[in-house]
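Q: Supplied in structure tokens, the structure appears directly below.
What follows draws every value from the coordinates through simple rules; no lab data is involved. Quantities reported herein were computed from a predicted structural model and do not represent experimental measurements. Backbone-built Cβ (ideal geometry, glycine too); neighbour counts: all protein chains shown.
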Amino acid sequence: ALAAAQVTVSPSVTPPVNAPTPAPAFSAMAVTPPVDALPPAKQRRANRIHVAKPMTQLPPEEIERLIMAIVVVRSLTGGLEQQIAWGMVHQVFHYKYDTAYLRNRWGALKHRFNDVVEKLQPEFRNKFIGAYERKEVPAIDFQHPAS
């Protein structure tokens with residue numbers, strides 16, 4: 001079964017000697033054998049392995065929501081290290097997305113939006129402190145911040 005899955009790629013035109021060799025369009029390493037082609041012990045293990053699904057894109061309004069959630073959560077609970085409490089971000093999305101998914105999406109988006117977060121955090125913090133002093137927002141129980 002594995003031999004049938006392998007494909008040989010042979011170029012129809014020979015490139016000039018100095019030309020870089022193009023990468024093959026297909027890699028036999030990317031093809032995994034079907035589970036039934038494995039020995040029985042490995043079949044049981046292969047059936048238990050979670051195959052990661054490709055990450056889907058968040059809609060633009062959800063990206064904005066993720067950015068705002070990170071700004072608020074990092075500002076209020078991040079401490080000096082500015083860590084992100086992913087459980088709280090998960091709550092912002094009403095458990096619509098898995099915590100690991102949100103963390104991975106932020107990892108993919110961070111390079112584009114980290115400067116936005118760095119700019120918004122001081123703005124949010126200053127406005128929140130002012131509102132907190134004026135008692136416009138309820139007191140926060142920092143022992144149980146999610147409540």
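Q: Subtracting the Cα-Cα distance from 0.36 nm times the residue separation, let me have the gained length for residue 119 to residue 61 in nm, one decimal. Don't skip to the answer; put the middle values down first.
A: Numbers: separation 58, 0.36 × 58 = 20.88 nm, distance 1.91 nm.
Extra length from residue 119 to residue 61 when fully extended: 19.0 nm.
Q: About its Cα centre, how strong a charge dipole does segment 49-136 have in debye, to the nearest 20, once Lys and Arg get +1 and Asp and Glu get -1 at the Cβ?
A: Around 80 debye, computed over segment 49-136.
Q: Counting alpha carbon pairs within less than 8 Å and at least 6 residues apart, what relative contact order, in whole percent, applies to segment 76-147?
A: For segment 76-147, the relative contact order is 25 percent.
Q: Highest mean first, what order results for 96-103, 125-132 on Cβ atoms within 10 Å?
A: On the way: 96-103: 14.8, 125-132: 12.5.
So the order, starting with the most tightly packed, is 96-103, 125-132.
Q: OK, next. Name the shape class, rounded, prolate or oblate, that the alpha-carbon gyration tensor gives for segment 64-147, where a ≥ b ≥ c are the square roots of its eigenvalues, rounded holds for a/c under 1.5, and otherwise prolate holds if a/b is larger than b/c and oblate otherwise.
A: Oblate.
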